[in-house]
1. Give the residue that is surrounded by the fewest Cβ atoms within 10 Å (Cβ to Cβ), with candidates limited to residues of the stretch 219-229 that are within 20 Å of LEU23 (Cα to Cα) and touching a residue at least 40 places away in the same chain (Cβ under 8 Å).
2. Right, VAL231: part of a strand (DSSP E or B), closer than 28 Å to ALA35 by Cβ, modelled with pLDDT of 95 or more and more than 11 Å from the ligand (Cβ to nearest atom) or not?
3. From the list GLU216, GLU194, which residue is among the acidic types (Asp, Glu) and surrounded by fewer than 19 Cβ atoms within 10 Å (Cβ to Cβ)?
4. Any residue in the stretch 377-385 that is in contact (Cβ under 8 Å) with a residue 60 or more places away in the chain, under 19 Å from the mean Cα position of the chain (by Cα) and away from the ligand (no atom under 14 Å from the Cβ)?
5. Hey, PRO402 hits all of (1) closer than 17 Å to ALA107 by Cα; (2) within 16 Å of the ligand (Cβ to nearest atom) but one; which does it fall short on?
6. Residues PRO27, PRO22: which one is farther than 20 Å from THR240 by Cα and surrounded by fewer than 22 Cβ atoms within 10 Å (Cβ to Cβ)?
7. Regarding ASN64, is this residue more than 7 Å from the ligand (Cβ to nearest atom), closer than 30 Å to ASN209 by Cβ, of a type outside the set (Val, Ile, Thr) and not in a helix (DSSP H, G or I)?
8. Could you check, for the stretch 71-78, whether at least one of its residues is within 16 Å of the ligand (Cβ to nearest atom) and basic (Lys, Arg)?
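The values are calculated or read from the model by the stated rules, or taken from the named source; none is laboratory data. What you are looking at is a predicted structure, and each value in this text was computed from that prediction instead of being measured. All Cβ positions, glycine included, derive from the backbone under ideal geometry; neighbour counts span all protein chains shown.
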Amino acid sequence: MHEPKVADKNTPYWWEAAPVMPLPPQPLARKVDVAIIGAGYAGLSAGLALAREGRSVAAFDAMNPGEGASSRNGGITSGNIRLDYATITRRFGEEKAMAIEAEGKVAREFLYDFIKSEKLDCDFQLVGLFKGAIGYEQYEKMARGAEALARKLGIESYAVPYAKQRNYAGTDFYRGGMVRMDIGGLHPAKFHAELLRVALASGLAVHSNTPVTSIERDGSGFRVATSAGTVQARQVLVCTNGYTDGASPFLRRRLVPVRSRIIATEELAPEVMARLMPKLMMMGEGRELGFYYRPSPDGRRILLGGRDSSRAGDPAAPTLRLRSGLVELFPELENVRLSHSWFGNVAMHRDMLPRIFEKNGVVYATGFCGSGVVWAPWIGTRAAHKLMGHGEQARTAFDFRPPAAIPLYHGNPWFMPAVIKGYALQDRIAWWRASR
Ligand SMILES: Cc1cc2nc3c(=O)[nH]c(=O)nc-3n(C[C@H](O)[C@H](O)[C@H](O)COP(=O)(O)OP(=O)(O)OC[C@H]3O[C@@H](n4cnc5c(N)ncnc54)[C@H](O)[C@@H]3O)c2cc1C
């Protein structure tokens, strides 16, 4: 059946200004110090750190560099951890919970310093993030959370009561919310292109459209087989996240690729933008399956993202769901045209914490659970220092055992519809409690 077209284009809005492209083919080195699989934010950040320390490094990507999540995301520098503090403490102990909370601040600052010191042209603006509350109970919790952020980490954060909500978001949908000023937005595809530029300049060899097909032990190093030939590598780093395939069977049993989708509106009149997004902040909400949204860097469109439960093709239903979410928030956009709608894969796993780990000598930097704009450059760089044996610079709370394998899972996430239904039910219960 022919699906109605709900957006003008089904490619990322970001690719208009920064299209992903193949790199000129180059000869394959027979031997390298480090082979990196995946040239998104994580792989390139690691490659940059290694190459700057004089290591010979080849990074391989099965697609054009950046064509995975790193040029498709919302560009919100959230550094979000999906588990709350109490759950991390219960599962991993108080010390780990505190270290993770503190590291979020350091990782964000690392990204902002990196953009500034390398002069990366990626439209980064530290505008703050408003998070809307579903009900007054959630608002109270957020207000306490904002207070704790300011007290414990010195982050500028504050509660926004319902009466002042329209100063931040032109909607009555929430019952107030909170603001934190340590989060901003960047142009994800420009950021990737700029990272690629500095990584190539540092001497990193990046092979685009060159899938790695297997990684095998070979004496004290590895034989890395690619579509362009075989490379001997002393060390191997896997950075394939939501695009992990059969080349890393160990990782594939642990990471679940889940689609996330973003829609972009046509250009809106300046007075509409001023009404709907008065401070041009990044926006989130307290629902499990909630939306994240933001203005485009030029402040003329709204980009709204959320779950996409489709698993094949590019059906219209997920775009229509996001569109109705947008209209529920902003009823005046009922007749808005969508210029773009696209999806990409995020990598979820049982622990819900980004991770560096080592298995049979191979190092992995991965598992960003939909928040890799901050975490992937940070974790990728820590992983590079781990490979170089730099104790202090490699230190991170995220370097511990691999995420647990998922029983009966080898790459086909058959259980995802049930997981999504569970989250949707939690949202309905929260909504019902809020409206009593
Ligand atoms: C729609 C969407 C919105 C998002 N919004 C945000 C946001 O606002 N803020 C935020 O913090 N995060 C967001 N994220 C998440 C963020 O984009 C990712 O966490 C981050 O880009 C992960 O970077 P990465 O380098 O680990 O992986 P990727 O950029 O996905 O790169 C992995 C690469 O591995 C390659 N690969 C896989 N297998 C092989 C193989 N066998 N051989 C060679 N190459 C291989 C793939 O081709 C791919 O290019 C979003 C993600 C999506 C999809």
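1. GLY229
2. On the way: part of a strand (DSSP E or B): yes; closer than 28 Å to ALA35 by Cβ: yes; modelled with pLDDT of 95 or more: yes; more than 11 Å from the ligand (Cβ to nearest atom): yes.
Spelling it out, VAL231 is indeed part of a strand (DSSP E or B), closer than 28 Å to ALA35 by Cβ, modelled with pLDDT of 95 or more and more than 11 Å from the ligand (Cβ to nearest atom).
3. Numbers: GLU194 fails: surrounded by fewer than 19 Cβ atoms within 10 Å (Cβ to Cβ).
It is GLU216.
4. no
5. (1)
6. Details: PRO22 fails: farther than 20 Å from THR240 by Cα.
Criteria check complete, one pass: PRO27.
7. yes
8. yes
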